[in-house]
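For reference, the structure discussed in these notes is given below.
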Amino acid sequence: MIKTTLHYTPNFNPIKRPKKKIKFIILHYTGMKKESQSIKRLCSFQSKVSSHYFIKNNGKILTLVPPLYEAWHAGLSRWKNFKSLNKYSIGIEINNPGHEHGYKSFSKKQIISLKNLLKFLINDYKINYKNILGHSDIAPNRKKDPGEKFPWKDLARERIVFWHNLDLEEIKVFRNAKLSKNEEKLFFKNLTKIGYSNFEYRKIFLIEAFQRRFRQELINGKIDKECLLISKNLIKS
């Protein structure tokens, strides 16, 4: 078991769901100036938003909604053939002011707590590590969180999340190298295989979401050879 503090919110679906229905874990940042504001909003009946867990700056974890109940964190979302991912996921909010309020690195205590929580949930709910996603992965037209400062690569070392196995210095030489039209088509085909939904969003949103997740040093919404190589590696992994 993981140690958490109960801090229940009224914002959830009261109909219990089968454990086997839970396929994903979605990671968020709160995107508000103050931690207390974030907790208040997630627990306010008027806000109609919530998550299952909240990780404070000091690493302490709050349980807002028990995982077998549907929390309201994903909104309009899609991954592979799944739509409305609230139904199939556990949501974790990590306190961080986000891009609109001075986006900063997550604290070491937050990441340690997150790793422990993810390991527990992956084991308890038999979740594939490839199904640990960011909010921007499932809603690229609306969301940027948890953002380019989230340490996906660090978590991947412990096989908690999905990441490529290319050497960053070796592939960096292909950054900004232009692609042919056929290579661009291949990149978007690879995105679909990874899980991104290409059907509803402008291409720039998809590219930026991919870069925030897998090429965090440069988020410019432009496909280059480096992005293509990463996408090819991911579908082989």
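Annotations
- DSSP-assigned coil residues among chymotrypsin sites (Phe, Trp or Tyr not before Pro) in the stretch 118-174, each with at most 12 further Cβ atoms within 10 Å: none
- In summary, the aspartates and glutamates within cross-link reach of Lys104, defined as a Cα separation below 14 angstrom excluding same-chain residues under 8 places away, comprise Glu35, Asp145, Glu148.
- Averaging Cα coordinates gives a centre for the stretch 183-206 and one for the stretch 63-119; these two points are 23 Å apart.
- Beta bridges per DSSP with both ends in the chain, % antiparallel, nearest 5: 35 percent
- Taking amide H as placed 1.01 Å from N in the peptide plane, Lys83 has no amide H partner under 5 Å among residues 5 or more places away or on another chain.
- Cβ-to-Cβ counts within 10 Å put Thr63, Thr30 in ascending order as Thr63, Thr30, the fewest first.
- Rg and Dmax [Cα atoms of the stretch 5-157; Å; Rg one decimal, Dmax integer]: 14.1, 40
- Of the beta bridges in the stretch 1-132, as assigned by DSSP with both residues counted there, near 35 percent are antiparallel.
- In the chain, Cα pairs under 8 Å separated by at least six residues give a relative contact order of 20 percent.
- Built amide H within the under 5 Å cut-off of Gly134, gap 5+: Leu27
- Of Lys48/Lys203; Lys83/Lys189; Lys153/Lys178; Lys20/Lys60; Lys21/Lys109; Lys80/Lys144, those spanning more than 24 Å from alpha-carbon to alpha-carbon: Lys48/Lys203; Lys153/Lys178; Lys20/Lys60; Lys21/Lys109
- Backbone HN-Hα couplings from phi across the stretch 144-149 [Karplus 6.51/-1.76/1.60, Hz, Gly and Pro as x]: 10, 7, x, x, 6, 8
- Average Cα contact separation per residue, the stretch 2-115, under 8 Å, 6 or more apart, as relative contact order %: 35 percent
- Proximal charge balance of Lys109 [Cβ under 15 Å; K/R count +1, D/E count -1]: +4
- When only Cα pairs below 8 angstrom with a gap of at least 6 residues are kept, the stretch 187-237 shows a relative contact order of 43 percent.
- By the count of neighbouring beta-carbon atoms within 10 Å, fewest first, Cys227, Cys43 end up ordered Cys43, Cys227.
- For the chain, with +1 on Lys and Arg beta carbons and -1 on Asp and Glu, the positive-most of Ser84, Val161, Thr30 along the dipole: Ser84
Readers should treat all values here as calculations from the given coordinates under stated rules, not as data from a laboratory. Because the structure is predicted, anything quoted here is derived from the model rather than measured. Every residue, glycine as well, gets a Cβ built from its backbone with ideal geometry; the counts of neighbours run over all protein chains shown.
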